[in-house]
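> The following block contains the structure, expressed as structure tokens.
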Amino acid sequence: MLAEEPVFDDRLQSGKKLARKLISYRGKSDVIVLAVSKEGVEVAFPIAQALKVPLDVVISRLLHVPQEPETAFGATTQGMVVLNDGLVAQWGITRDVVRDLARDALEEARHEMMAYRGDRPAPDPSKKTVIIVDDGMAIGFPLLSAIVWAKRHGASRIVVALPVSPNFEVQQMRKLADDVVCPVTPDTWSLRIATYYRKWEEPTDREIKSLLVAAQPQGAKGARRKEIA
């Protein structure tokens, strides 16, 4: 696909399509699905349901160039900070500024995760196959930081699952992850994820919390059916 146009009805449908490509992981006790954003949770939920594996979330946050807020130079995930040294040097970003931006991003992510997960312990990727999910990839930093975090915490295998991403980003991810599943890979350097979805409303914190609760073993089955109908 060269032109940007809707491919998926919404994030839940895109997750169902991805789940079919991940069916080899169904029912395996050492598999966990992790979303890296609140939007990614909507994609990850039907994947975890279809594979009958746990679902959780680790929020990745972009680090933006102070002089150019639309430009990112790195990202954070669960205390892990990944930077593009070339961009740091190009924009003259000092170590102190990096530290302050990373600290603020990590604190924001911590509050966001508490809103979704309460005080449950953070996900443990150790000795697990971790399927990292988002609703698309316009820029690779968030997923890269999540991959680094999972590796540092002992993940045995890392799979990246995305509905849509530029082809060059997918090729970069293939060098870092054990597998990348991405059905729509346009040849573009600039991708607007929203244009590939017919419905693009941002989920509320309440909706994300509801999905994560429903994904827990004690989650009500009726709630699950309601969310994905």
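Read-outs throughout are calculated quantities, based only on the coordinates presented, and are distinct from any laboratory measurement. In this text the structure is predicted, and so the values were computed from the model without any measurement. Counting neighbours? That spans all protein chains shown, and the Cβs are built from the backbone with ideal geometry, glycine included.
> With the cut-off at 23 Å, tell me which of the pairs Lys52/Lys199; Lys16/Lys127; Lys38/Lys127; Lys16/Lys52 have Cα atoms farther apart than that.
As for pairs spanning more than 23 Å Cα to Cα, those are Lys52/Lys199; Lys16/Lys127; Lys38/Lys127.
> Please give the charge dipole size of the chain, origin at the Cα centre, charges +1 on K and R Cβ atoms and -1 on D and E Cβ atoms. Round to the nearest 20 debye.
The calculation lands at about 1260 debye.
> Can you find, among Val57, Ala102, Trp200, the residue farthest towards the positive end of the dipole of the stretch 54-202? Put +1 on the C-beta of Lys and Arg, -1 on that of Asp and Glu.
Val57
> By the scheme Lys and Arg +1, Asp and Glu -1, what is the net charge of all other residues having a beta-carbon under 12 Å from that of Arg26?
+4
> Excluding same-chain residues fewer than 8 positions from Lys17, which aspartates and glutamates have a Cα within less than 14 Å of its Cα?
Correct list for Lys17: Asp9, Glu42, Asp134, Asp135.
> Skipping prolines and chain starts, which residues have an amide H placed within reach, meaning under 5 Å, of the one on Ile132, given they are 5 or more residues away or on another chain?
Leu34, Val159, Val160, Ala161
> Along the charge dipole of the chain, pointing to its positive end and built from +1/-1 on Cβ of Lys, Arg, Asp and Glu, which listed residue (Ala72, Ala48, Gly140) has its Cα farthest out?
Of the candidates, Ala48 comes out farthest on the positive side.
> Another question about this same structure. Considering only Lys127, Lys175, Lys209, give the residue with the highest GNM mean-square fluctuation for the chain, with springs between Cα atoms whenever their separation is below 10 Å.
In this elastic network of the chain, the residue with the biggest mean-square fluctuation among Lys127, Lys175, Lys209 is Lys175.
> Would you calculate the separation in nanometres between label points at Ile23 and Thr94, each defined as 7 Å from the Cα along the Cα-to-beta-carbon direction?
Each label point is offset 7 Å from its Cα along the Cβ direction, giving 5.8 nm.
> Related question: So, with +1 on the Cβ of K and R and -1 on the Cβ of D and E, and no other charges, what is the size of the charge dipole of the stretch 1-102 about its Cα centre, to the nearest 20 debye?
680
> Sticking with this one: Work out how far the C-alpha atoms of the chain reach from end to end along every principal axis, then list the three figures in whole Å, largest first.
Here the Cα extents, ordered largest to smallest, are 53, 43, 32 Å.
> Also, quick follow-up: Using a Gaussian network for the chain with springs between C-alpha atoms less than 10 Å apart, which of these wobbles most: Gln172, Gln49, Gln78?
Gln172
> Continuing with this model, one more query. What net charge do the residues around Arg61 carry, taking every other residue with its C-beta under 15 Å from that of Arg61, with Lys and Arg at +1 and Asp and Glu at -1?
Around Arg61, the charge tally is -3.
> Summing +1 for each Lys or Arg and -1 for each Asp or Glu, what net charge is found among the other residues whose Cβ lies under 11 Å from the Cβ of Val43?
Details: positive: Arg11, Lys16, Lys17, Lys38; negative: Asp10, Glu39, Glu42, Asp134, Asp135.
Once all neighbours under 11 Å are counted, the net charge is -1.
> Please build a GNM for the chain, connecting alpha carbons under 10 Å apart, and tell me which residue among Gly40, Gly136, Gly27 fluctuates the most.
The residue with the greatest mean-square fluctuation here is Gly27.
> Also, quick follow-up: May I have the convex hull volume per residue, in Å³, for the Cα set of the stretch 96-206?
137
> Kindly provide the helix-only [θ] at 222 nm of the chain, computed as the sum of -39,500 (n - 2.57) over DSSP H runs of four or more divided by all residues, to the nearest 500 deg cm²/dmol?
-12500 deg cm²/dmol
> Let me ask something else. Among Ser14, Val130, Val164, whose Cα sits farthest toward the positive end of the charge dipole of the chain (+1 at Cβ of Lys/Arg, -1 at Cβ of Asp/Glu, about the Cα centre)?
Val130
> How big is the charge dipole of the stretch 80-197 about its Cα centre, in debye rounded to the nearest 20, if each Lys and Arg gets +1 on its Cβ and each Asp and Glu gets -1 on its Cβ? Each step should come with its number before you reach the end.
On the way: 14 positive and 15 negative charges, 89 e Å.
Using Cβ point charges on Lys, Arg, Asp and Glu, the stretch 80-197 gives about 420 debye.
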